[in-house]
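The values are calculated or read from the model by the stated rules, or taken from the named source; none is laboratory data. Every value quoted in this text rests on a predicted model; they were computed, and no experiment measured them. No Cβ is skipped: glycine too gets one built from the backbone with ideal geometry, and neighbour counts run over all protein chains shown.
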Amino acid sequence: MPLVEPRIGEEVGYQRFPKKKSESTIGSPERVIWSSIRHLCVRDVAVEVLIDTYNMHRKRDIRKVVQNLNVYITQAYEFYEAAKVADANTAPLIYYYSFLNLAKALCEIRIPDFHKSRYSYHHGLTWKPNTDYLVDLPTDYIRITTRGVFHILIEAIRGIPIQLRNPLPLKIIDLFDLCPEISTEFDKVLGRKRNYIILHNPCIYIDTSLRHTWIRIDVLKSELRRLRISKMQFASLLLPSMDYIFVEVKGADNDHYTFQSEPAIECDIAGNALGFNYIDPIISSMNLFIYMDRGEIYYILPVQHRMSMPLTQIGVLYLILFWLSSLVRYDPHSVLELQKSRSWILIDGFMNQSIIWLLELFEMQLYRQDKVLVSSR
């Protein structure tokens, strides 16, 4: 059966959030990112973001959230600065407490007065050392447990409640497999290629005459063959929602498969030129990861067959950091042995690259905007 032609419409680019911007700097990227995050400690800035970005209008909620953002972000920054000068056997623990505070800032936005709830006193995660053997990276596990900060963080990112099995074990090596920023290190340690698919030409389209909006995406045929994923499996991974699906349409060349979202969504173009508010349910359901290369954002689809639940990108990095922080706190002997092993290449790559990337992902999430930060040096 021949494929149907793709819909015709105006291309308006692709982004995960209502806003998208590019910025260059001659300074340290970390300093620029922290300057942006700490800007939320300014009352007028925080109020504007809460109203315009999070549609928060109750004065009582705004007042409480503004105050608590200041508390959490200030402490997060101080922990981060302390971690930068700490040694490898202590830095992960200090970094974790920095990101725990950034996570609580997002939780506070989702649930004003979150700090008074019982959830704020639970990490939502656990890891225990085994006294009989040292940690082996390819076989070690972390567990999501009693509802806590991690659960509310994921709900703040996804915008919907989540229900997880308790305990929910996750293999550490499978988490590392979902980090595109350290894919080279992963290949050196495991000899295994990345477990995600790079998406080509993702784009939101609008038909101004019919007032419809939809998404179209290309994927290399060789990518699906490499991971042994069928077109039907890819479409279900791309959008697991029952309300919307991706279907294959006629592509522009023989190297790619082309998919578009169905059905098209009706939108009020006059009231929203990009139609983003209408297409947002699909974008949120897609749970795409991102990475940057040469000043461009690339969107990728993580293949999470081996995971017990689909994880967000912040969730993956946050879980790895919690595991590392637990190691240095409860099992420093394993840390010492890992430093002598081949696995340390992967952990060192995480500490030097993924930490900065996690910081930028938190900034994007706090402001709900995709951002390209390029060094001009």
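Structure data summary
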{"item": "Segment 150-171, residues that are closer than 18 Å to Leu324 by Cβ and surrounded by 20 or more Cβ atoms within 10 Å (Cβ to Cβ)", "result": "Phe150, Leu153, Leu170"}
{"item": "Selected residue [buried (at least 16 other Cβ atoms within 10 Å of the Cβ), in the same structural domain as Asn55 (by TED's automatic domain parsing) and more than 25 Å from Ile37 (Cβ to Cβ)] from Arg118, Arg147", "result": "Arg147"}
{"item": "Residue within segment 327-340 that is surrounded by fewer than 22 Cβ atoms within 10 Å (Cβ to Cβ), free of Cβ contacts under 8 Å to residues at least 40 places away in the same chain and not acidic (Asp, Glu) present", "result": "yes"}
{"item": "Selected residue [touching a Phe, Trp or Tyr at 6+ places or on another chain (Cβ under 7 Å) and either among the acidic types (Asp, Glu) or without any contact (Cβ under 8 Å) to a residue 24 or more places away in the chain (or both)] from Glu48, Glu108, Glu78, Glu30", "result": "Glu108"}
{"item": "Lone qualifier among Leu336, Leu359 - being in a helix (DSSP H, G or I) and modelled with pLDDT of 95 or more", "result": "Leu359"}
{"item": "Segment 14-42 - residue that is in a loop (DSSP other than H, G, I, E, B) and under 20 Å from the mean Cα position of the chain (by Cα) and, of those, surrounded by the fewest Cβ atoms within 10 Å (Cβ to Cβ)", "result": "Pro18"}
{"item": "Considering residues of segment 19-49 that are acidic (Asp, Glu) and modelled with pLDDT of 85 or more only, the residue farthest from Phe276 (Cα to Cα)", "result": "Glu30"}
{"item": "Search result, residues across segment 50-82 that are more than 30 Å from Ile94 (Cβ to Cβ), in a helix (DSSP H, G or I) and either of a type outside the set (A, V, I, L, M) or modelled with pLDDT under 95 (or both)", "result": "Asp52, Lys59, Arg60, Asp61, Arg63"}
{"item": "Test result for Gln304, out of contact with any helix residue (DSSP H, G or I) (no Cβ under 7 Å at 6 or more places or on another chain) and surrounded by 18 or more Cβ atoms within 10 Å (Cβ to Cβ)", "result": "yes"}
{"item": "Segment 232-243 residues that are farther than 18 Å from Lys221 by Cβ, paired with ones that are in a loop (DSSP other than H, G, I, E, B) (beta carbon under 8 Å, 6 or more apart)", "result": "Pro240/Pro310"}
{"item": "Filter result for Ile229 (under 21 Å from Gln15 (Cβ atoms) and touching a residue at least 12 places away in the same chain (Cβ under 8 Å))", "result": "no"}
{"item": "Scan of segment 291-326 for residues that are farther than 26 Å from Gln233 by Cβ, at pLDDT 95 or above and not polar (S, T, N, Q), ordered by number", "result": "Tyr318, Ile320, Leu321, Phe322, Trp323, Leu324"}
{"item": "Ser241 closer than 21 Å to Ile283 by Cα, surrounded by fewer than 19 Cβ atoms within 10 Å (Cβ to Cβ) and in contact with a Pro (Cβ under 8 Å, 6 or more places away or on another chain)", "result": "yes"}
